[in-house]
Amino acid sequence: MPDNNTFTIKVAGRNAPTDMAAGQYLARCLDAKIKRRGNQIRAVLTFRCEAGRHDGVLLTCWLPIFVPLAAHHKFVRAYRVAVDRELHVDEEISLQEFVGKLYVVDAGFRKTNRKNHVAEDPTKRKDEKDYFRVHDIISLADSAIAANDDSNEQVTTRSTRPRRVVKLSPHGRG
């Protein structure tokens, strides 16, 4: 008979290794929830990298939610990628649209100095409190790409134009 004071917890992933370079990665969204701090509302998305040597690395993405939502907001841009279409005025949205899908995400370190929001290089770790995170959701990715990736790297090729499906080089970095 199971004990009511115990339960099983499954480890979702691992920390980013110290040599993980800023760039674009294949990652599946595992969880999406709302966090509130004062009058700030954020969507917090948890991703796990898939394929390559960074398979299993967990990354977090914070997307500010402003009310009312506008088409240029970072959250709306990410949501459009998740649902793979334009949004309609007065449409109700659900964070669950992010969950379970495979994305190309742009990841790196903190973009500012945290004190007065002066821009800093997101490719370099600033201090011991800085950690690897998702900055943007670039596109949806075809799950067949991850299944067929036998490279040692998971960083995708960079493109200046938006694409719905990103093909990975068999050599990793493009």
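For residue 35, the lysines whose Cα comes closer than 29 Å to its Cα, not counting residues fewer than 8 places off in the same chain, are 10, 74, 101, 111, 115, 124, 126, 129.
Treating the beta-carbon of each Lys and Arg as +1 and of each Asp and Glu as -1, no other charges, what is the dipole magnitude of region 23-148 about its Cα centre, to the nearest 20 debye?
I would put it at about 680 debye.
Across every direction, the projection of the convex hull enclosing the Cα atoms of region 1-81 has a mean area of 9.0 nm². Once divided by 2.2 N^0.38 Å, the Cα radius of gyration of region 23-148 becomes 1.09. Backbone geometry of region 21-35 corresponds, through the Karplus equation with coefficients 6.51, -1.76 and 1.60 at θ = phi - 60°, to 3J(HN,Hα) couplings of 8, 4, x, 9, 9, 7, 8, 9, 7, 9, 7, 9, 8, 9, 10 Hz, x marking Gly and Pro. Under the criterion of Cα pairs below 8 Å and six or more residues apart, the relative contact order for region 23-148 equals 27 percent.
Scanning residues 5 or more positions from residue 101 or on other chains, those with amide H under 5 Å from its amide H are 29, with H placed 1.01 Å from N in the peptide plane.
Read-outs throughout are calculated quantities, based only on the coordinates presented, and are distinct from any laboratory measurement. Predicted model only: the values in this text are computed from it and were never measured. All Cβ positions, even for glycine, are placed from backbone atoms using ideal geometry, and neighbour counts span all protein chains on display.
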